[in-house]
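Reading through the structure tokens given below for one structure.
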Amino acid sequence: MSFKTEQLNELIAIIRDGQRFYEHAHDEIKDARLQAVFRDMAQAKHQMIQALAVKVAANQEAPTSSGTVFGRLRQTYTDARAALSSDEAATYVAQLEEAEDRILEAFEDALETAEPDVRALLAVEMPKVRECHQRIRELKNA
């Protein structure tokens, strides 16, 4: 596997963690407003994954279909914290913000080391990453 594909698949896995976390939070939280936000955010993650997966496939390699162990652990940790919290929704939103921090940091790191064609793709996706990050941060601070 080339460095380019490895880097893209790592980003896909981290984004997939976020997508799955939003889908899980959507199912756990019964507030319709938050469910709509979580659904939108999961869809945004899906679109980012698709954009990166096309580039991996263009290199005649398979895009990863899994997330990371860290992502699964964060979701389990959040479920436990939410069960003990008086405000489940706030717990999920705070942990989702941390997931967004992780995605943003991964993109910023990848932009520094990526080959020019990957850097161009990441530059196209970065505004979406920043928008998702900002949206969940504003939700947390509201």
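The values are calculated or read from the model by the stated rules, or taken from the named source; none is laboratory data. Remember, it's a predicted structure, so these values are computed and weren't measured experimentally. When we count neighbours, we look across all protein chains shown, and the Cβ atoms used for this are built from the backbone with ideal geometry, even at glycine. Quick note on the areas: whole protein, heavy atoms, side chains included, nothing else; ligands and nucleic acids left out. Shrake-Rupley method; radii C 1.70, N 1.55, O 1.52, S 1.80 Å.
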Given a 1.4 Å probe, the accessible area of the chain per residue, as a whole number of Å², is 53 Å²
The Cα extents of the stretch 25-69 along the principal axes, largest first and rounded to whole Å, are 43, 22, 10
hull vol. (C-alpha, convex hull) per residue for the chain, Å³ -> 93 Å³
One finds the C-alpha centres of the stretch 20-47 and the stretch 110-142 to be spaced, in Å, by 19 Å
Contour minus Cα-Cα span, residue 39 to residue 3, at 0.36 nm per residue, comes to 9.7 nm
Rounded to one decimal in nm, the spacing of the 7 Å Cα→Cβ label points at residue 58 and residue 117 is 0.6 nm
Counting only backbone N atoms under 16 Å from a point 7 Å out along Cα-to-Cβ of residue 105, the residues of the stretch 7-34 in range are 11, 14-15, 17-18
Projected convex hull area of the stretch 94-142, Cα atoms, direction-averaged, in nm², equals 3.0 nm²
As straight-line cross-link partners of residue 4, the qualifying lysines (C-alpha separation under 27 Å, not fewer than 8 residues apart within one chain) are 45, 55, 128
Distribution output for the stretch 1-49: share of Cα-Cα pairs per 10 Å bin in percent, first bin at 0, values 29, 41, 20, 9, 1
Taking Cα atoms, the helix 69-84 axis meets the longest principal axis of the chain at an angle in degrees (rounded to 10) of 10 degrees
Note to self, the chain gives a 222 nm [θ] from helices alone (DSSP H runs n ≥ 4, -39500 (n - 2.57) apiece, / all residues, nearest 500) of -30000 deg cm²/dmol
Sorted on mean Cβ neighbours within 10 Å (highest first), peptides 6-15, 77-86, 59-68, 130-139 come out as 6-15, 130-139, 59-68, 77-86
Taking Cα atoms only, helix 32-58 is inclined relative to the longest principal axis of the chain by an angle, in degrees rounded to 10, of 10 degrees
Nearest 10, in degrees from 0 to 90: the angle of helix 88-113 to the longest Cα principal axis of the chain is 10 degrees
